């Protein structure tokens, strides 16, 4: 892995360097987040001001409205949360944090991004085909998704399925790399319980992804066949069953929540330990609760289908498993909160994001209990209560924790510090507006507002002024929040070139990525490191310094 | 909370609302405990010059209690939530009482068709009354609905009943309701069903026995005249 000269194309576009691939994923994910945000802007404006000519978009037709909500969901989960949380951070952090020069399979890694890029181009292209983009909700339930006469998107539907299937292929290849690298390439001395939590969690997420995605890939292929060659896997007219697809989808769909949640929780663990100068409270409990959550997550999928026409007795089983999953998750959140006890807490921008994650995710967690309890879900299913609930989980996951990660590792990635004042302004506007968007939606859902409706004028009980005002308020908060992202983008790109030089270890952190220059050179470590201790030895009583890097031999103790 | 905006118009609406309130009380108790502790710790342990953080591994018994006791209490709470949820669910969806009447509800892109039994009270006879986007029922009667779909998935949702059930093509799904107050309310389609999903609305008319008998007479007349 000696340094050698490469042209721009080979270095930045055709690279096998895990850091460059991470950047490719990160920037693609950021671009897709802007697309997903714009879609949200368009349909929220339609909800607040039905039928008006929306600036930058125009009048939203019912078909376009469906395409907007469908692709907002699809893009935010598969082309923002997955590439940024799992692929970008997994690629960037795993080799640096376990102390090796690159991924185990660098070319597979490059292929993973290339397939991902193709999938992103396909999903974007689907907006411009005759009939427009797919509008059958991100869950793509058949027969709506399989039959062009029903969906009226003869090209949009197959392109959507194709894009999603390719995206899964990309992440399978990425996952193989993450697991093998973390298992086989750890620095000498780094035992299982010395691995930083974020690495553990990305590996667990990859395992969950691999365990759950098979049925969905099968489902996606069957869907594609039903669409294109007229098979009848999900067509009741020829003996198929539409509910089968729902099982395949949610068997993947629910573990998927934890696939993106775990890396986010990992980021939070790294950030709160560094900025409270504390050892992580009960490392093993954190790890075991994550494994328990992962295992349980395979047995909860049908809580999405309580009222879908499954045998009602089945709902009782899935209520039990679903409510039980609150136990490891609550335990983990308690442990994180306990980590703050006795700390020396510095409210830097990354720390604010990490703490906001915990505060907001707690609300997402408790509102999930209403939906996991079958008797209450009969009413809440497919209302805005569900929507607000999962945005209180997904927004902290895909946005808040990502901002924590980007602001935390930015100095490592680009060698310069981001501006703290701009960072805090951006933080407060984003978090306050986020609550302003989704708290009213809980209320609207509680009052019976159902999802994916482009205009509530047909429903007298939902068309009142009080409810419309809440919709307008939520939309206003969204517009302000989206505008505030300009602050972040400016800070990001300005700091990349003009920020204060960061040095190797600006946060005085322990993990191995902070022992190499910022940004790390090709091959990462001049000399491959040896690991002497766990990652969270902050404020150790035997040391004057309040941190103790993992690669510092014990004999150098002061 | 819900009934301030939506009446409880079915026998089980109050059960569902009470379950929601119970879960709300339990989970928000824990929510505010956790948030309170969280913000307290952030303010209490802000960095102060010259004060080093404590070195705590998480194996200390007296500290572990702060995690393990709430943890056990949450398991207890979960058990009660599960019992409540299953009891309500079994009543609403699993154990169907014998019906006084049966109606057929058919979803299709993008309208609801309702087939009511006519004056004889029996479905699938000559005097059935078929309507589009309006369902007429009598208060105080146990109804079974037979839910079907002609094309894609739909979901038969009556918010004042707190009832929701997907319609699946190729299946006939049976459920029940009994209205306890009269009035006119929304019926929604709560499952994405294509570009007209947002306009797939219907109204339910819950009528007194007299009103309902009169409606049946009126609707039956043109039919009788045609014979």
Discussion item. Any residue at all in the range A:142-160 that's surrounded by fewer than 24 Cβ atoms within 10 Å (Cβ to Cβ), more than 12 Å from chain B (Cβ to nearest Cβ) and assigned to a helix (DSSP H, G or I)?
Written reply: yes
Item to complete: Just give me the residues in the range A:329-338 being under 20 Å from the mean Cα position of the chain (by Cα) and more than 17 Å from residue B:40 (Cβ to Cβ), in sequence order.
Response: A:329, A:330, A:332
Fill in: Scope the range B:73-105; condition touching a residue at least 60 places away in the same chain (Cβ under 8 Å) and surrounded by 18 or more Cβ atoms within 10 Å (Cβ to Cβ); matching residues
B:84, B:85, B:88, B:92, B:93, B:105
Practice prompt. Take the range A:445-485 and flag every residue that is in a helix (DSSP H, G or I) and within 19 Å of residue B:200 (Cα to Cα).
Written response: A:445, A:456, A:457, A:458, A:460, A:461, A:462
Worksheet item: Among (1) free of Cβ contacts under 8 Å to residues at least 60 places away in the same chain; (2) surrounded by fewer than 17 Cβ atoms within 10 Å (Cβ to Cβ), which single condition is residue A:189 missing?
Response: (1)
Practice prompt. Select from the range B:33-47 the residues that are closer than 17 Å to residue A:352 by Cβ, facing chain A (nearest Cβ under 7 Å) and out of contact with any strand residue (DSSP E or B) (no Cβ under 9 Å at 6 or more places or on another chain) and list them in ascending order.
Written response: B:35, B:38
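Name the residue, out of B:50, B:58, that is more than 7 Å from every other protein chain (Cβ to nearest Cβ), outside any helix (DSSP H, G or I) and over 35 Å from the mean Cα position of the chain (by Cα).
Details: B:58 fails: more than 7 Å from every other protein chain (Cβ to nearest Cβ).
Every option except B:50 fails the conditions.
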Practice prompt. Residue by residue through the range B:162-186, note down the ones that are facing chain A (nearest Cβ under 9 Å) and outside any strand (DSSP E or B).
Written response: B:162, B:168, B:170, B:171
Discussion item. Can you say whether residue A:205 is at pLDDT 95 or above, closer than 27 Å to residue B:193 by Cα and under 25 Å from the mean Cα position of the chain (by Cα), as far as the supplied structure shows?
Written reply: no
Worksheet entry | Candidates A:541, A:553, filtered to the one that is more than 10 Å from every other protein chain (Cβ to nearest Cβ), more than 26 Å from residue A:91 (Cα to Cα) and either exposed (fewer than 15 other Cβ atoms within 10 Å of the Cβ) or in contact with a strand residue (DSSP E or B) (Cβ under 9 Å, 6 or more places away or on another chain) (or both) | A:553
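Assess whether residue A:552 counts as being in a loop (DSSP other than H, G, I, E, B) and free of Cβ contacts under 8 Å to residues at least 24 places away in the same chain.
Details: in a loop (DSSP other than H, G, I, E, B): yes; free of Cβ contacts under 8 Å to residues at least 24 places away in the same chain: yes.
So residue A:552 fits the description; yes.
Kindly indicate whether any position in the range B:116-135 is part of a loop (DSSP other than H, G, I, E, B), surrounded by 16 or more Cβ atoms within 10 Å (Cβ to Cβ) and in contact with a helix residue (DSSP H, G or I) (Cβ under 7 Å, 6 or more places away or on another chain). Reasoning before the result, please.
If we filter the range B:116-135 for residues that are part of a loop (DSSP other than H, G, I, E, B), which is where we start, we get B:117-128, B:133.
Going one step further and asking which of them are surrounded by 16 or more Cβ atoms within 10 Å (Cβ to Cβ), we end up with B:117-118, B:123, B:127-128.
If we keep only those that are in contact with a helix residue (DSSP H, G or I) (Cβ under 7 Å, 6 or more places away or on another chain) as well, we get B:118, B:127.
Yes; the residues of the range B:116-135 include at least one that is part of a loop (DSSP other than H, G, I, E, B), surrounded by 16 or more Cβ atoms within 10 Å (Cβ to Cβ) and in contact with a helix residue (DSSP H, G or I) (Cβ under 7 Å, 6 or more places away or on another chain).
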Response to the item:
By my count, helices (runs of 4 or more DSSP H) wholly in the range A:8-116 with at least 2 residues that are over 22 Å from residue A:412 (Cβ atoms) are A:18-48, A:62-74
Worksheet item: Tally time: how many residues in the range B:141-155 are within 9 Å of chain A (Cβ to nearest Cβ) and either in contact with a helix residue (DSSP H, G or I) (Cβ under 8 Å, 6 or more places away or on another chain) or closer than 20 Å to residue B:207 by Cβ (or both)?
Response: 3
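The values are calculated or read from the model by the stated rules, or taken from the named source; none is laboratory data. All figures in this text were calculated on a predicted structure; none of them were measured in a lab. Here the Cβ is made from the backbone with ideal geometry for all residues, glycine too, and neighbour counts use every protein chain on show.
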